[in-house]
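Notes for the one structure printed next.
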Amino acid sequence: MKKFFISFVIVLSAFLTLFSDTSLEEALLKVKSSSIDFKLKVIERDINNKALLNSLPSILPYVAYTISVDSTNYSNWNYSQSLSISQTIFNLPTFLGVFKNKEYSDIANLLYLKSINDITQSIIESYFNLLAYQKKIETDSILISTEELNLKKNRILFENGLISESNYLNIESNYYSVLFSYEKDRITFQTYLEEFINLTGITFPGKLEDIDTFPVISFEGIDGSKILENLPEYIIAKKNYTVSEEERLISYSEFFPKASLNLSYGISDTVYRFDLKDLLDSSSVRVGVSISFPVFTGFSRSLNIIQKSYSKKSAYLNFLKMKESLKVEIENFDERIKLSKNFLESSKKLFESSQKNFEKAKILLQNGELSTTDYISIEKSYMESILNYLNSKKEYYKTYYRYLYLIRRIK
């Protein structure tokens with residue numbers, strides 16, 4: 001039974017590896033339907049979009065139907081019923097709060113747009129990190145087989161006195177070094193796999209597809225000024241500054257009086273009965289205006305003004321910082337594209353050259369025409385070239401999706 005289960009797991013793993021390959025494009029497409037992080041961003045956006053609706057009750061009329069009963073000697077009971085309407089006439093903090101909540105609603109939508117870019121960049125990072133260690137494990141497996149054969153061959157030579165003990169120990173040490181790297185890479189691979197699953201929501205990503213095709217990116221002739229003011233990051237920082245200004249105004253408005261209009265329409269009787277005609281014909285109308293003048297609130301309003309003033313300065317500096325950062329990015333984006341292309345091309349040539357050199361080194365080592373020290377050096381260079389090539393692919397695709405994000409802001 002145990003052997004059957006192990007065989008089943010092996011077959012299932014092979015099946016998933018063979019038929020459940022995941023491409024970068026698929027990973028990015030599945031985010032909206034599978035990623036918990038993305039779903040949380042959607043919920044956060046929807047909640048914040050209700051900020052404006054939450055402020056409406058404070059400026060709309062308040063209508064209430066009230067019934068009361070009282071007695072002086074527990075024998076003669078008086079009943080009263082009334083319909084009352086209360087409407088805020090003047091309350092600056094409340095009115096200004098409506099405009100502030102409108103800004104928060106706009107910010108929620110912009111944060112959602114920004115999160116799409118952030119999640120995309122994170123997935124590209126995670127995808128290539130996982131792919132790199134997938135490649136490393138595959139290469140490690142090949143290296144282990146090669147080193148194992150080399151160790152067996154040189155053990156015989158050592159036992160027959162054809163090579164020195166130091167040479168044999170060096171070969172043995174390299175074999176165990178490759179084994180150690182393999183186990184270490186498996187642990188790192190598992191960490192990146194869990195991160196990828198959490199980001200994308202893809203439970204069984206299988207084998208990630210390597211990428212050898214690269215979309216064309218061109219930023220020449222694009223007016224960066226048309227991008228800057230439409231970027232969500234820029235607008236969010238600007239609106240946060242606007243909110244800080246409104247909050248400062250609200251803190252000053254707390255010194256103003258508040259006024260409301262009250263309208264009451266009702267009747268009193270010794271017998272309770274709900275008769276709409278009687279309520280309309282026999283009721284008395286009371287109209288009043290209430291005005292509240294805040295006199296002393298323990299310096300809370302003054303302290304609030306100081307706090308909001310600092311918040312405004314902070315928001316303004318954050319806006320300037322974001323504006324300058326985005327401006328520099330846009331101005332230098334064409335250079336970033338060129339650097340990404342050069343990095344990709346040079347790392348590809350290095351990988352191809354290292355791969356040929358490594359294949360040749362394996363043959364030379366088996367024929368005894370290459371020293372173990374030289375072989376180990378070539379082997380390490382080959383492993384580094386694999387990682388460098390994948391890093392250049394990652395950088396190119398991160399640049400490409402950032403490029404798409406930027407040009408979509410042109411209006």
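The values are calculated or read from the model by the stated rules, or taken from the named source; none is laboratory data. Since we're looking at a predicted model, the values are computed, not measured. Quick reminder, even Gly has a Cβ in these numbers, built from the backbone with ideal geometry, and neighbours come from all protein chains shown.
Mind listing just one residue for me: the one in segment 102-123 that is among the hydrophobic types (A, V, I, L, M, F, W, C) and out of contact with any Leu (no Cβ under 6 Å at 6 or more places or on another chain) and, of those, surrounded by the most Cβ atoms within 10 Å (Cβ to Cβ)?
107
Evaluate segment 166-181: report whether one residue or more is modelled with pLDDT of 90 or more, within 25 Å of the chain's Cα centre (by Cα) and farther than 26 Å from residue 33 by Cα.
Within segment 166-181 (the criterion being modelled with pLDDT of 90 or more, within 25 Å of the chain's Cα centre (by Cα) and farther than 26 Å from residue 33 by Cα), the answer is no, since none of the residues qualifies.
Go through (1) closer than 30 Å to residue 372 by Cα; (2) among the hydroxyl-bearing types (Ser, Thr, Tyr); (3) surrounded by 19 or more Cβ atoms within 10 Å (Cβ to Cβ) for residue 126 and report which single condition fails.
Here residue 126 meets the rest and fails (1).
Considering only segment 244-291, state which residues are small (Gly, Ala, Ser), in a helix (DSSP H, G or I) and at pLDDT below 70.
282
From the list 141, 84, exactly one residue is over 23 Å from residue 406 (Cα atoms), touching a residue at least 12 places away in the same chain (Cβ under 8 Å) and touching a strand residue (DSSP E or B) at 6+ places or on another chain (Cβ under 9 Å). Which is it?
Every option except 84 fails the conditions.
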